[in-house]
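The values are calculated or read from the model by the stated rules, or taken from the named source; none is laboratory data. Predicted model only: the values in this text are computed from it and were never measured. Note that each Cβ is placed from the backbone with ideal geometry, even for glycine, and that neighbours are counted across all protein chains shown. Side chains included, ligands, DNA and RNA excluded: accessible areas come from the protein's heavy atoms. Shrake-Rupley method; radii C 1.70, N 1.55, O 1.52, S 1.80 Å.
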Amino acid sequence: MRMEEKGAENGVAAMAACYQGFDPAEYLQSNYTPPRADFERKDSILSWELACLHRAFTEGDVSGELLVDIGSGPTLYQVMSGCEVFNKVFLTDFLEVNRQELRSWLQDEGGCSLDWTPFLQHVCKLEGRRPSAWTEKAARLRQVIVDIVPIDVNRPQPLAHDALPSAGADCLVSCFCLESASPDLAAFTRALGHIGRLLRPGGHLLLIGTLGMSYYMAGDGVKIPTVPVNEAQVCASLKESGYTLIRLEVYTVPQDMNVGTDDAYGVFFVKAMKE
Ligand code: SAH
């Protein structure tokens, strides 16, 4: 094995080791409650993200049968707009604790670490529906999520070989996964290529990620090192991995959204198409 391959393998193994301490409840508490998820504020991180996703899924060009969310973690907000457009949604994550958290919500038997109601209500509002329609959206989401499966974006074949229909996904959504799963920029670019193999030609990628983040906290004393990327690097990586950029939007984290659990200066949203 060449030296650089060995180095890349070590980097990936070190990241996987860090994730063994990931605490879904702590992660949700830091990132998916106010101030970050304050829907009274248009400039909160989650208001911005949900608006980006709403727009992308309602512009008309993103459509088909199958939507796959890459590295879902313990969260559901990222498919709350897409579930109205696609009849089948696959959720995926590297960790069993996260897949278990998602299954708890799907089965609706209590035991969830976060109440997703304000998110569902907010997305209903974006869609011009009354907030009370959130129960219908929750039912729709539970109906279209067909599976929750393991994934590793560092592998050329990130899912089990028979996990998806052979035609591939019509759309991928992925939020805060690739920069959090990659030891360096080369691995980030490779991961973009790996997930692209799950997507049909002409299919869309909706990618959300952090800018300039070198670590985040995922539990008591659990510090996960991440690869800091900037807008230019994201664009170059997309191009190198066979995507055509449609739109890049940038959010700058306001001082009071900095809750001390990471060092990101911003968030990017990308809409791209696989060539
Ligand atoms: N999408 C969620 C979670 C992001 S946190 C959100 O928007 O908040 C980063 C996620 O990447 C975690 O759920 C972690 O389990 C996952 N992850 C870590 N290593 C990974 C890998 N090699 N392949 C895929 N996902 C990975």
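Contact map, segment 198-212: first residue closer than 15 Å to L238 by Cβ, second residue polar (S, T, N, Q) and within 16 Å of the ligand (Cβ to nearest atom), Cβ cut-off under 6 Å, separation 6 or more or different chains; pairs are L207/S174. Residues considered: P150, P118, P156. Of these, the only one that is within 16 Å of the ligand (Cβ to nearest atom) and surrounded by fewer than 12 Cβ atoms within 10 Å (Cβ to Cβ) is P156. Inside segment 169-195, residues that are out of contact with any His (no Cβ under 9 Å at 6 or more places or on another chain), away from the ligand (no atom under 12 Å from the Cβ) and either within 15 Å of T92 (Cα to Cα) or without any contact (Cβ under 8 Å) to a residue 40 or more places away in the chain (or both) make up a count of 1. Restricting attention to segment 44-58, does a residue exist that is among the acidic types (D, E) and either outside any helix (DSSP H, G or I) or open to solvent by 10 Å² or more (accessible area, probe 1.4 Å) (or both)? No, the conditions are met nowhere in segment 44-58.
Residue pairs whose Cβ atoms lie under 7 Å apart, separated by 6 or more positions or on different chains, with the first residue in segment 74-103 and in contact (Cβ under 8 Å) with a residue 40 or more places away in the chain and the second part of a loop (DSSP other than H, G, I, E, B) and aromatic (F, W, Y), are T75/Y32; L76/W116; L95/F22; V97/F22.
Kindly indicate whether G73 is within 16 Å of the ligand (Cβ to nearest atom), in a loop (DSSP other than H, G, I, E, B) and of a type outside the set (S, T, N, Q). In short, yes. Scanning segment 121-147 for residues that are closer than 14 Å to F90 by Cβ, open to solvent by 30 Å² or more (accessible area, probe 1.4 Å) and among the hydrophobic types (A, V, I, L, M, F, W, C) returns a single hit, V146. Of the strands (runs of 3 or more DSSP E) lying entirely inside segment 186-258, those carrying at least 3 residues that are of a type outside the set (K, R) and in contact with a Lys or Arg (Cβ under 7 Å, 6 or more places away or on another chain) are 199-211. Is it true that G128 is of a type outside the set (S, T, N, Q), in a loop (DSSP other than H, G, I, E, B) and touching a Phe, Trp or Tyr at 6+ places or on another chain (Cβ under 7 Å)? Taking the combined requirement at face value, the residue does not satisfy it. Residue-level check: of (1) more than 16 Å from the ligand (Cβ to nearest atom); (2) closer than 26 Å to V85 by Cβ; (3) among the basic types (K, R), K239 misses just (2). The number of residues in segment 12-32 that are assigned to a helix (DSSP H, G or I), within 11 Å of the ligand (Cβ to nearest atom) and buried (at least 16 other Cβ atoms within 10 Å of the Cβ) comes to 9.
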